[in-house]
Amino acid sequence: VASLDKGQLLTVYDPSIAERQYRQQILILDVEEGLASNAMWLEYQPKVSIRDSKVRSVEALIRWHHPEFGAVTPDQWIPLAEQVGVIHPVSLWVIERACSEFRHLVSRYGSGLSVAVNISAVDLTHAGFEDEIVDIIARHGMRTEDLILEITETAMMTDPEASGRIIHTLSRKGFRIALDDFGTGHSSLGTLASFDLDELKIDRSFLKDILAHPTRQRIFRAALELGEALDVDVVVEGVEEQAVACWLQQFPGLYGQGYFWGRPEPARP
Ligand code: C2E
Ligand code: MG
Ligand code: MG
Ligand code: MG
């Protein structure tokens, strides 16, 4: 900084950063009220079997219409909510809401459907989390197998040992566990194998320009082989184009999610 003159400092200082931080803080203060009012709701995006486009499960994604800022995407507030420790009530609200809408989802997409929710690493460290979710699903007459818990690779790897233990407990109760955004974190392959995973979601960054790049195709295939070695369902995230969806048809048993098959929508549109 000492080597910068005043003019340079002025260009380095970006008021939009301060504004963004300020706005994030306001958002965090408003989370509770957002949950209690009708300002937050869930939309569901299908995960399909690529071979026949049959919907296998749906993923709940939180939506927020803020009274002052309008539509606020999860990326704008969830990471901070995790950092400052207010995510747990959000996760419980999401699970409760997803379970209360489950029968509408089943009547729309057919029986055998499961519903996936995104949870955070903080939830895993919360004492009694498993009892809380067991209680929620029981109240809604659901089975633990009906619920998939999606945890990002990054979250899982912050404390792999503790995560692994709790995932093991949840898994024994019948909940299904998905590793989200695989390929964006730093998994040790040994640690991955020790988790009780049911699903591996390959991050959409893997698909970038995939049809034009044989190297990227080989890396993608390697990720699929990893899924096979782990004996889990593999879901490819972020499929937007028909050409990519067609290319993916060659991999038997593969699942996909993306705007090509369906955008997130309310349970009862
Ligand atoms: P995610 O769990 O990986 O969810 C997938 C995100 O990709 C969603 O964004 C979805 O709308 C978007 N997406 C789906 N298909 C496509 C596609 O074909 N192309 C592109 N470009 N995007 C696609 P969304 O809803 O904005 O959520 C972003 C992230 O925020 C989620 O990533 C998840 O990590 C987090 N999130 C969303 N809802 C919740 C929630 O209820 N709780 C928690 N803890 N996190 C949530
Ligand atoms: Mg997810
Ligand atoms: Mg993801
Ligand atoms: Mg993501």
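The values are calculated or read from the model by the stated rules, or taken from the named source; none is laboratory data. Because the structure is predicted, anything quoted here is derived from the model rather than measured. So basically every Cβ, Gly included, is an ideal-geometry build from the backbone, and we count neighbours across all protein chains shown. Please note that ligands, DNA and RNA were not included when accessible areas were found on the heavy atoms of the full protein model with its side chains. Shrake-Rupley method; radii C 1.70, N 1.55, O 1.52, S 1.80 Å.
Observations on the model:
- Anisotropy class of segment 66-134 from Cα gyration tensor, a/c 1.5 cut: oblate
- Local charge for residue 56 was computed over the other residues whose Cβ lies under 15 Å away, with Lys and Arg +1 and Asp and Glu -1, and equals -3.
- For residue 233, residues with placed amide H under 5 Å, excluding near neighbours: 199, 200
- A Förster radius of 41 Å combined with the Cβ-Cβ distance from residue 265 to residue 28 puts the calculated FRET efficiency at roughly 0.90.
- For segment 142-235: rounded, prolate or oblate by the Cα gyration tensor [a/c cutoff 1.5]: prolate
- A cut-off of 5 Å between modelled amide H atoms, ignoring neighbours fewer than 5 places along the same chain, links residue 258 with 238, 239.
- In plain terms, the chain from residue 39 to residue 135 could stretch by 32.0 nm, reckoned as 0.36 nm per residue minus the Cα-Cα distance.
- For the chain, the relative contact order comes to 19 percent (Cα pairs under 8 Å, sequence separation of at least 6).
- Formal net charge of residues neighbouring residue 189 (Cβ-Cβ distance under 15 Å; K, R +1; D, E -1): -4
- Judged by the gyration tensor of its Cα atoms, with axes a ≥ b ≥ c, segment 204-269 is oblate; a/c meets the 1.5 cut and b/c is at least as large as a/b.
- Accessible surface area normalised per residue over the chain is 53 Å², counting heavy atoms of protein chains with a 1.4 Å rolling probe.
- Sparsely packed trypsin sites (Lys or Arg not before Pro) within segment 174-269, loop by DSSP, other Cβ within 10 Å at most 13: 208
- Area of residue 55 that stays accessible when all protein chains are in place (1.4 Å probe, Å², to 10): 40
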